[in-house]
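Read through the structure below, which is laid out as structure tokens, and then see the notes.
The values are calculated or read from the model by the stated rules, or taken from the named source; none is laboratory data. As the structure is a prediction and not an experimental result, all values here were calculated from the model. Neighbour counts are summed over all protein chains in view; Cβ atoms, including those assigned to glycine, are modelled from backbone coordinates with ideal geometry.
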Amino acid sequence: SLSRISRLPISSTQSPCLHFARALSRSTAPSGRPTKITFFSSKEYEIDSFNRCKNDKVEFDYHETKLQPSTVALAKGSDAICLVVNDKADAETLKKVKEAGIKLLALRCAGADNVDLKKAHELGITVVSVPQYSPDAVAEFAVGMMLTVIRKFHKSYNRVRENNFSLEGLLGFNIKERTIGVIGTGAIGLRVARILSHGFGAKVIGYDPFINEELKNDPKFTYVSFDDLLAQADIITLHSPLLPSTKHLINGETIAKMKEGVVLINTSRGGLVDSKALVEGLKSKKLSAAGLDVYEKEARYFFQDKSQSVIQDDVLARLLGFNNVFISGHQAFLTKEALTSIAKTTLDNVNAVVNGEDCPNVLKAPK
Ligand code: NAD
């Protein structure tokens, strides 16, 4: 059904990406044929946004399968491979990409922790990404997740469906005047801080090795040290990228420094949290609740319907077993606005690289 959708006629007059389709109309692969992009991990919900940005100078080939060494062959003859967060572009996969004669990897997501950038550069493969598509989408979701676990929406939803209108066990707390710790104050962290301080009247503190000037000048926000944030926050929300320096930022030691009954929200990357330590923190009641849109070993499960299988990951199963933990499957980005923005920027990136133009979203190799 995916390839059927990819062949749907596109009416450029109805397209929200009209200016973009025009730009793309100048884009053809060097031989004069349309630029061919092979998509991996394609989902129905995103195909529509891409097809609305399409014209006859570009050809899309959608595949549901993940990008891995054994599936690279599906992209043979393409000008670019389009991939997402859980497609693994490791050294072995990249070697196959190079052998298939493909020189461009277009990530249709922000984080690039799934791509061996050093190897890609060694092999002469250009990697582009969509650094920002809708920080509001993720920020709004993070705040929704916060309310869900604090006010126990997930419990009342299930309870009322069974005609159980009891309020026992649903006691929450106000966000107003609570201290919220924002770790990572970039595009998303800034928005979360603003919603919570200006909207809810919370006291918002933040930690980031790089100061965001917009927030620094906000009287309703205070930068603190990492340890002070851990010690003071009633709710901690993570918005830093996954880097070698941020892997397991939340671990047994840092959890020990947190307030009793702290709430943790992670809509950033699973690898920021040592999940086993999180389980221990929940068991000991150091954490009173957690909202997780990401999980460090999510690639095996997320973005797929696994309802007919048994979860083999004992840590994930344990986390799913807590009734004060709310887990979603990497959904925070999923709004109409974000998908349109992702499609536009991805095609803009491919267009620029194929035509040898400057592309601001080319990723550099790490030093
Ligand atoms: P951004 O680059 O604008 O901001 C990230 C911030 O983290 C920067 O200010 C950076 O200085 C800071 N940072 C770096 N190292 C840090 C550290 N050790 N401690 C604290 N802060 C540190 O990125 P963004 O657009 O705000 O996105 C943040 C993250 O959200 C992305 O890296 C991505 O992993 C995640 N994300 C998740 C979803 C989703 O659907 N769940 C969608 C988009 C992005």
*Is there a residue in region 189-210 that is under 28 Å from Ser341 (Cα atoms), without any contact (Cβ under 8 Å) to a residue 40 or more places away in the chain, in a loop (DSSP other than H, G, I, E, B) and more than 16 Å from the chain's Cα centre (by Cα)?*
yes
*Return yes or no: is Lys276 assigned to a helix (DSSP H, G or I), surrounded by fewer than 22 Cβ atoms within 10 Å (Cβ to Cβ) and free of Cβ contacts under 8 Å to residues at least 40 places away in the same chain?*
yes
*Restricted to region 233-256, and to residues that are more than 10 Å from the ligand (Cβ to nearest atom) and under 17 Å from Met146 (Cβ atoms), which residue is surrounded by the fewest Cβ atoms within 10 Å (Cβ to Cβ)?*
Asp234
*Have a look at Lys306, Lys336, Lys286, Lys367 and point out the one that is within 15 Å of the ligand (Cβ to nearest atom) and surrounded by fewer than 21 Cβ atoms within 10 Å (Cβ to Cβ).*
Lys336
*What residue, of Val72, Val97, Val58, Val85, is more than 26 Å from Ala332 (Cα to Cα) and modelled with pLDDT under 95?*
Val58
*Return a yes/no flag: does region 268-283 have any residue that is within 29 Å of Lys103 (Cβ to Cβ), within 13 Å of the ligand (Cβ to nearest atom), of a type outside the set (Gly, Ala, Ser) and out of contact with any strand residue (DSSP E or B) (no Cβ under 9 Å at 6 or more places or on another chain).*
no
*Among the residues of region 108-120, is any surrounded by fewer than 17 Cβ atoms within 10 Å (Cβ to Cβ), over 19 Å from Lys336 (Cα atoms) and modelled with pLDDT of 90 or more?*
yes
*Residue match in region 135-145 (condition: without any contact (Cβ under 8 Å) to a residue 24 or more places away in the chain and within 16 Å of the ligand (Cβ to nearest atom))*: yes
*asked:* Here is a check on your reading of the model: is Lys155 of a type outside the set (Phe, Trp, Tyr), more than 11 Å from the ligand (Cβ to nearest atom) and at pLDDT 95 or above?
replied: yes
